[in-house]
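The values are calculated or read from the model by the stated rules, or taken from the named source; none is laboratory data. Computed from a predicted model, the values in this text were never measured in an experiment. Cβ sites come from the backbone with ideal geometry, for glycine too, and all protein chains shown count toward neighbours. Keep in mind that these areas ignore ligands, DNA and RNA; they rest on the heavy atoms of the full protein, side chains included. Shrake-Rupley method; radii C 1.70, N 1.55, O 1.52, S 1.80 Å.
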Amino acid sequence: MNPFPEKKEVLEKVQKGILNARENFSLWTGEELYLSYAPANFLSIHISQEISKLSVLPEIFIDATIADTLKYALKNTDEYKSFMRKNEIMDRTFCITLDERFDHETNRDSIAKVIISVRNGVRNVKEEYLNDIDVMCKVISDSSLDYAVFAFYLDISNKARIKAKERINELISAFDEVSEKYKEISTRFIGGDINTIENIGEWSVGCYVIENK
């Protein structure tokens with residue numbers, strides 16, 4: 001077993017990365033609220049930068065495919081295709097994947113430990129978010145992966161009829177409905193503090209954490 005950062009430290013860095021992304025985007029653009037206008041991978045890059053500051057470093061990959069991740073997370077690395085077929089998983093990318101860091105003897109001896117989905121401008125329950133949760137539950141339940149994180153930034157105008165707190169509660173409820181189908185999985189939500197910009201709107205950062213019981 002190779003050294004790997006504590007879960008608490010990683011989750012703190014995920015949240016700090018999104019907060020840094022918001023601060024930088026606001027500084028560079030003058031936009032007080034809508035980090036959701038930021039370009040693709042803006043949040044992922046900031047999160048990765050924060051994780052790279054940990055004293056115990058993992059290997060950090062941005063946009064690794066599910067297939068590649070499973071190659072380094074299943075007991076039998078050659079079974080990733082059959083695993084995906086059996087679980088009806090279409091290949092796409094995870095925003096961030098964390099592997100154990102060590103000197104590799106071959107290009108097949110990596111060990112994947114954490115997968116992170118990063119979503120910007122999350123305001124309502126969407127099928128793509130539920131699919132993220134479902135895929136992460138399937139992968140976590142039968143692999144070497146320790147946990148998965150659905151990390152998001154939410155922003156809404158002060159004119160929005162449904163406020164941020166209610167939206168977050170609806171998201172958590174919908175995510176729970178998906179994850180509860182997997183008996184070997186436990187989940188928890190961290191973050192979710194509501195920040196108000198007077199006469200402009202509200203914003204929040206949250207992490208839905210999926211792990212084996």
Open item on the list: Considering only residues that are open to solvent by less than 40 Å² (accessible area, probe 1.4 Å), more than 22 Å from residue 149 (Cα to Cα) and assigned to a loop (DSSP other than H, G, I, E, B), which ones fall in the stretch 21-44?
Closed with: 33
Open item on the list: Here is a check on your reading of the model: is residue 70 farther than 30 Å from residue 166 by Cβ and either outside any loop (DSSP other than H, G, I, E, B) or modelled with pLDDT under 95 (or both)?
Closed with: yes
Task: Residue check, residue 125 in contact with a helix residue (DSSP H, G or I) (Cβ under 6 Å, 6 or more places away or on another chain), open to solvent by 10 Å² or more (accessible area, probe 1.4 Å), at pLDDT 95 or above and under 18 Å from residue 17 (Cβ atoms) - done: no
TODO: Under 8 Å between Cβ atoms, at least 6 apart or on separate chains: pull out the pairs that start in the stretch 36-61 with a residue that is small (Gly, Ala, Ser) and end on any residue that is in a helix (DSSP H, G or I).
DONE: 38/21; 38/25; 48/17
TODO: Hey, can you tell me all the residues within the stretch 156-213 that are touching an Asp or Glu at 6+ places or on another chain (Cβ under 9 Å), open to solvent by 80 Å² or more (accessible area, probe 1.4 Å) and among the polar types (S, T, N, Q)?
DONE: 196
Task: Counted residues, the stretch 1-51 - those being under 13 Å from residue 120 (Cβ atoms), aromatic (Phe, Trp, Tyr) and modelled with pLDDT under 95 - done: 2
- [ ] Output yes when any residue across the stretch 143-152 is aromatic (Phe, Trp, Tyr), part of a strand (DSSP E or B) and farther than 30 Å from residue 71 by Cβ, and no when none is.
- [x] no
TODO: Can you run down the residue pairs with Cβ atoms below 8 Å, 6 or more apart or on separate chains, where the first is in the stretch 84-101 and touching a residue at least 24 places away in the same chain (Cβ under 8 Å) and on the phi < 0 side of the Ramachandran plot and the partner is open to solvent by 20 Å² or more (accessible area, probe 1.4 Å) and basic (Lys, Arg)?
DONE: 87/138; 89/138
- [ ] Go through the residues of the stretch 87-102 one by one and say whether even a single one is of a type in the set (D, E, K, R), open to solvent by less than 60 Å² (accessible area, probe 1.4 Å) and under 30 Å from residue 156 (Cβ atoms).
- [x] no
Open item on the list: Given the criterion of a type in the set (Val, Ile, Thr) and either assigned to a loop (DSSP other than H, G, I, E, B) or surrounded by fewer than 19 Cβ atoms within 10 Å (Cβ to Cβ) (or both), identify the matching residue among 18, 47, 62.
Closed with: 62
TODO: For residue 47, state whether it is under 13 Å from the mean Cα position of the chain (by Cα) and not acidic (Asp, Glu).
DONE: yes
